[in-house]
Amino acid sequence: MRKGVSTRPPVFVTRPIPEAGLRRVRDACEVRMWEGELPPPKEVILKEVAECEGLLCLLTDPIDAEVVGAGRHLRVISQMAVGVDNIDLEAATARGIPVGHTPGVLTEATADLTFALLLAAARRIPEGIEYVRQGRWRTWEPMVLLGREVWGKTLGIVGLGRIGTAVARRARGFAMRVLYHSRSRKPDLEAELGVEYTPLDDLLAQADFVSLHCPLTPETHHLIDEEALRRMKPTAILINAARGPVVDTDALLRALREGWIEAAGLDVTDPEPLPADHPLLDLPNCIVIPHLGSATVAARERMATMAAENLLAGLRGERLPYCANPEVYEAR
Ligand code: NAP
Ligand code: GLV
């Protein structure tokens with residue numbers, strides 16, 4: 001760490017973010033920003049963190065042990081996202097660097113998007129749009145584009161945290177039975193929302209819709225693999241608005257092609273982005289959208305503001321309001 005406190009500490013912002021947050025950072029810091037539409041190459045991140053005291057990054061930036069190690073003067077890492085699987089938290093903690101993230105402010109936006117995907121996949125909305133655009137809509141047809149009902153069906157939520165719970169609340173409006181699997185049981189939510197704790201294998205076997213809301217960790221990597229997909233009903237629909245690698249993409253491709261499950265709605269993929277010639281994109285029973293969970297004007301402004309507040313607190317030497325590695329403070 002540098003001796004003394006610089007009046008306007010240099011910080012690297014890895015891409016333009018909403019002005020609501022950027023303004024706060026500019027007011028207090030010397031901002032260096034990567035202006036590209038695509039994420040900065042790793043060499044650029046390495047060079048910039050070597051000279052900066054703060055890093056404001058996005059989930060597309062690989063903040064691995066090498067980057068953390070290169071940040072000789074780095075005092076805080078602030079990510080504008082809730083998920084921090086792109087950041088080596090252990091390396092940051094070992095170096096005494098707190099890592100900020102943005103929980104809560106995107107919960108409802110992401111839950112809305114999850115339900116939009118679920119409804120779109122169940123009622124085959126993208127296929128319907130394509131049908132009309134292709135001029136194939138000649139009359140009301142009794143047997144065309146029949147989908148699955150949502151109202152009164154069973155929803156299985158994997159990861160009953162902030163977003164999973166917000167999805168469960170929406171499901172109540174559709175009179176759905178909600179099963180959940182999470183790291184720990186949630187008696188309060190069971191009492192309040194009537195959600196039922198269910199071992200993962202049983203949840204997969206019983207649910208009409210399986211919606212993923214756990215973080216990406218070594219335990220959840222490929223949690224939904226061939227075995228899991230084969231446990232699901234042939235009429236079931238898988239929704240992933242968590243992280244792409246929670247699902248084994250090759251197994252999902254086979255499941256959708258061979259009818260182990262009926263359809264999938266993916267906000268996140270592995271790889272991400274999915275190349276335009278990826279075979280998943282040829283399947284009518286697979287909806288893929290480009291990681292839009294938190295993509296509302298208001299949610300992104302709140303995320304940028306929260307990321308700025310975390311960054312500035314870290315630079316002032318204060319505890320981050322939203323810290324992803326609170327153990328960093330115990331080690332001090
Ligand atoms: P959260 O409140 O921390 O919820 C995560 C839940 O997953 C927790 O309830 C946790 O259980 C559970 N969990 C952890 N490991 C598990 C495992 N091995 N098996 C089953 N459940 C497990 O986080 P959140 O704010 O809801 O966000 C969840 C994730 O959504 C983020 O990490 C991010 O990857 C993703 N996300 C995506 C978008 C998007 O744009 N698509 C937007 C925001 C977030 P416990 O409660 O027992 O710890
Ligand atoms: C988005 O995916 C997030 O983790 O905030």
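Assorted remarks:
- Given (1) of a type in the set (Asp, Glu); (2) open to solvent by less than 40 Å² (accessible area, probe 1.4 Å); (3) within 9 Å of ligand 1 (Cβ to nearest atom), number of the condition Glu219 does not satisfy: (2)
- Residue check, Pro16 modelled with pLDDT of 95 or more and more than 24 Å from the chain's Cα centre (by Cα): no
- Once segment 275-332 is narrowed to residues that are among the small types (Gly, Ala, Ser) and farther than 18 Å from Thr107 by Cα, the residue that is surrounded by the fewest Cβ atoms within 10 Å (Cβ to Cβ) is Ala276.
- Glu130 open to solvent by 50 Å² or more (accessible area, probe 1.4 Å), away from ligand 2 (no atom under 16 Å from the Cβ) and either modelled with pLDDT of 95 or more or among the charged types (D, E, K, R) (or both): yes
- Filter result for Ala313 (in a helix (DSSP H, G or I) and either more than 16 Å from ligand 2 (Cβ to nearest atom) or assigned by TED's automatic domain parsing to the domain that holds Pro98 (or both)): yes
Residues are listed down the side, and each one gets a yes or a no for (1) within 19 Å of the chain's Cα centre (by Cα); (2) buried (at least 24 other Cβ atoms within 10 Å of the Cβ); (3) within 15 Å of ligand 2 (Cβ to nearest atom):
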position	(1), (2), (3)
Val76	no, yes, no
Gln79	yes, yes, yes
Gly83	yes, no, yes
Ile87	yes, yes, yes
Gly96	no, no, no
Pro103	yes, no, yes
Leu106	yes, yes, yes
Ala122	no, no, no
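- Only residues that are charged (D, E, K, R), in contact (Cβ under 8 Å) with a residue 24 or more places away in the chain and either within 29 Å of Ala324 (Cα to Cα) or assigned to a helix (DSSP H, G or I) (or both) were counted across segment 184-218, and they come to 2.
Per-residue answers, yes or no, for (1) part of a loop (DSSP other than H, G, I, E, B); (2) within 12 Å of ligand 1 (Cβ to nearest atom):
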site: Leu252; (1), (2): no, no
site: Pro275; (1), (2): yes, no
site: Ile287; (1), (2): no, no
site: Pro290; (1), (2): yes, yes
site: Ala298; (1), (2): no, no
site: Met306; (1), (2): no, no
site: Pro321; (1), (2): yes, no
site: Asn325; (1), (2): yes, no
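- Residues that are among the small types (Gly, Ala, Ser) and in contact with a helix residue (DSSP H, G or I) (Cβ under 7 Å, 6 or more places away or on another chain), drawn from segment 139-179: Gly147, Gly156, Ala166, Ala168
- Test: residue in segment 225-235 that is open to solvent by 30 Å² or more (accessible area, probe 1.4 Å), within 20 Å of Thr114 (Cα to Cα) and touching a Ser or Thr at 6+ places or on another chain (Cβ under 7 Å): no
- Number of the condition not met by Ala242 [criteria: (1) on the phi < 0 side of the Ramachandran plot; (2) without any contact (Cβ under 8 Å) to a residue 40 or more places away in the chain; (3) open to solvent by less than 50 Å² (accessible area, probe 1.4 Å)]: (2)
- Identity of the residue in segment 158-175, among the aliphatic types (A, V, I, L, M) and surrounded by 22 or more Cβ atoms within 10 Å (Cβ to Cβ), that ends up nearest to ligand 1 (Cβ to nearest atom): Ile163
- Index of the failed condition, Pro41 passing every other in (1) more than 21 Å from Ala299 (Cα to Cα); (2) surrounded by 15 or more Cβ atoms within 10 Å (Cβ to Cβ): (2)
- Any hit, segment 291-309, residues being closer than 22 Å to Ala122 by Cα and not small (Gly, Ala, Ser): yes
- Segment 291-314 residues that are of a type in the set (A, V, I, L, M), paired with ones that are more than 12 Å from ligand 2 (Cβ to nearest atom) and open to solvent by 60 Å² or more (accessible area, probe 1.4 Å) (beta carbon under 7 Å, 6 or more apart): Ala308/Arg24; Leu312/Arg24; Ala313/Arg319; Ala313/Pro321
The values are calculated or read from the model by the stated rules, or taken from the named source; none is laboratory data. Note that the coordinates shown come from a computational prediction; the quantities given were computed from them, not determined experimentally. For neighbour counting, all protein chains shown are included, and Cβ atoms are generated from backbone atoms with ideal geometry for every residue, glycine included. Just so you know, the surface numbers come from the protein's heavy atoms only, side chains and all, with ligands and any DNA or RNA stripped out. Shrake-Rupley method; radii C 1.70, N 1.55, O 1.52, S 1.80 Å.
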